Amino acid sequence: MQPKKFSWHGRLKSFLFAFEGLAFFFRREHNAWIHGVATVLVLLAAMIAQVSRLEIIAILLVIGLVWISEMFNTAIEKMMDHFSPQRHPDIKAIKDIAAGAVLIAACSAFITGLIIFIPKIL
């Protein structure tokens with residue numbers, strides 16, 4: 001099978017699919033709204049605290065890490081529900097591991113926030 005040739009139309013379609021995925025995520029996932037509110041609050045706090053460029057880079061990286069992990073977790077959950085709608089211990093383990101990844105990302109973001117914001121508060 002020959003690889004597809006590059007086309008701008010194809011690239012545009014891939015961006016549209018990505019935006020459809022984002023729209024689905026925001027319409028259907030409550031955690032998206034929780035992360036959205038947290039993101040806005042942290043970015044407002046960063047502006048008020050006048051964090052440095054390196055600090056805002058760290059904040060943006062951990063925010064991105066949380067969003068990405070939450071979206072992968074959602075994709076894994078949807079995929080597992082599709083393959084096995086009934087309860088199964090292996091499917092539970094897969095979903096729990098994906099949720100654990102989100103927890104690690106969120107804890108990393110929280111600790112990063114503490115390191116940046118506590119000295120500014122004190």
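If you go through region 69-79 and keep only what is touching a residue at least 24 places away in the same chain (Cβ under 8 Å) and of a type in the set (A, V, I, L, M, F, W, C), you end up with 71, 72.
Has region 63-79 got at least one residue that is among the hydroxyl-bearing types (Ser, Thr, Tyr) and under 19 Å from residue 112 (Cβ atoms)? Quick ask: steps written out before the conclusion?
Here is the first cut: in region 63-79, the residues among the hydroxyl-bearing types (Ser, Thr, Tyr) are 69, 74.
Within this subset, residues satisfying the condition of being under 19 Å from residue 112 (Cβ atoms) are 69.
Checked against the condition, which is being among the hydroxyl-bearing types (Ser, Thr, Tyr) and under 19 Å from residue 112 (Cβ atoms), region 63-79 yields at least one hit.
Pairing residues of region 91-114 that are more than 27 Å from residue 45 (Cβ to Cβ) with residues that are surrounded by fewer than 17 Cβ atoms within 10 Å (Cβ to Cβ) and of a type in the set (S, T, N, Q), at Cβ distances under 9 Å and at least 6 apart in sequence or on separate chains, gives 91/84. Picking from residues in region 1-37 that are in contact (Cβ under 8 Å) with a residue 24 or more places away in the chain and among the hydrophobic types (A, V, I, L, M, F, W, C), the one that is nearest to residue 112 (Cα to Cα) is 32.
Checking 67, 8, 33 one by one, the residue that is within 19 Å of the chain's Cα centre (by Cα), open to solvent by 100 Å² or more (accessible area, probe 1.4 Å) and at negative phi is 33 and no other.
The values are calculated or read from the model by the stated rules, or taken from the named source; none is laboratory data. If you're wondering where the values come from, they're calculated on a predicted model, not measured in any experiment. For neighbour counting, all protein chains shown are included, and Cβ atoms are generated from backbone atoms with ideal geometry for every residue, glycine included. Remember, those area values only see protein heavy atoms, side chains included, never the ligands or the DNA or RNA. Shrake-Rupley method; radii C 1.70, N 1.55, O 1.52, S 1.80 Å.
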